[in-house]
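Trainee: So that we are looking at the same thing, I have put the structure below in structure tokens.
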Amino acid sequence: MIIGLTGPMASGKSTIVAALQKIGYKLVTLSDMVREECRRQGKPEEREVLMEVGHGLREKYGAGVLGKRALEKIGAEGGDKWIVDGIRNPAEVTELRTHPDFILIANTAPEEKIIERIFFRKRADDTLDPEAIRHKLHREMGEGEPPDGQQVGKCIEMADYVFENIMPFEKVEEEFLKFYNKIINP
């Protein structure tokens with residue numbers, strides 16, 4: 001099974017990834033593929049630059065390029081339990097759906113909860129200006145973005161399942177695994 005994850009920044013995808021890795025899933029991250037491309041181009045690995053480089057890859061090789069590369073990596077490394085994290089464009093979903101055992105989970109949270117989490121996590125590349133965070137969230141969701149750019153909102157609409165991550169951090173893993181078990185054992 002390949003579980004694709006989509007959702008806005010700071011919605012808790014990393015916590016879900018960690019929970020799935022504990023039960024034997026391997027990880028491929030689309031944003032790591034974009035980071036590798038940044039390094040090849042000698043560009044800084046900052047959110048805005050990553051968004052532009054990702055857009056450039058989609059423009060040059062097709063909007064599903066990162067999904068295709070993820071499937072190639074999964075095929076090369078083997079195994080039957082994979083997570084594909086960082087899905088941000090519907091064409092990536094379409095590409096990943098060519099695998100017969102692919103499901104897409106959208107991890108969501110209200111905008112105010114996301115802003116609160118960004119303040120709490122204090123990553124070096126995070127701004128702490130609420131309006132700047134809102135702007136980044138809206139852009140990531142697809143506002144003002146071209147079709148081959150970031151379109152997380154459309155990816156969420158394509159999800160097979162939606163996990164609304166509104167619980168306290170210490171409860172996320174437990175609640176997600178309950179959610180996961182309902183999917184796997186309906």
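The values are calculated or read from the model by the stated rules, or taken from the named source; none is laboratory data. Small disclaimer: the values here were computed from a predicted structure and weren't measured. Virtual Cβ from ideal backbone geometry, glycine too; neighbours counted across all protein chains shown.
Trainee: Say we look at region 125-147 and pick out the residues that are aliphatic (A, V, I, L, M) and over 21 Å from Val17 (Cα atoms); which of these is surrounded by the most Cβ atoms within 10 Å (Cβ to Cβ)?
Mentor: Only one residue fits best here, namely Ile133.
Trainee: Considering only region 136-171, how many residues are touching a strand residue (DSSP E or B) at 6+ places or on another chain (Cβ under 9 Å) and hydrophobic (A, V, I, L, M, F, W, C)?
Mentor: Qualifying residue count, region 136-171: 8.
Trainee: Another question, if that's okay. Considering region 148-175 alone, what residues qualify as being in a helix (DSSP H, G or I), free of Cβ contacts under 8 Å to residues at least 40 places away in the same chain and either surrounded by 14 or more Cβ atoms within 10 Å (Cβ to Cβ) or of a type in the set (A, V, I, L, M) (or both)?
Mentor: Across region 148-175, the qualifying residues are Gly153, Glu175.
Trainee: What number of residues within region 1-31 are surrounded by fewer than 16 Cβ atoms within 10 Å (Cβ to Cβ) and part of a loop (DSSP other than H, G, I, E, B)?
Mentor: Within region 1-31, residues that are surrounded by fewer than 16 Cβ atoms within 10 Å (Cβ to Cβ) and part of a loop (DSSP other than H, G, I, E, B) number 3.
Trainee: For region 21-65, what are the residues that are closer than 25 Å to Thr127 by Cβ, in contact with an Asp or Glu (Cβ under 8 Å, 6 or more places away or on another chain) and either among the hydroxyl-bearing types (Ser, Thr, Tyr) or modelled with pLDDT of 90 or more (or both)?
Mentor: Thr29, Leu30, Ser31, Arg35, Cys38, Arg39, Val53, Leu57
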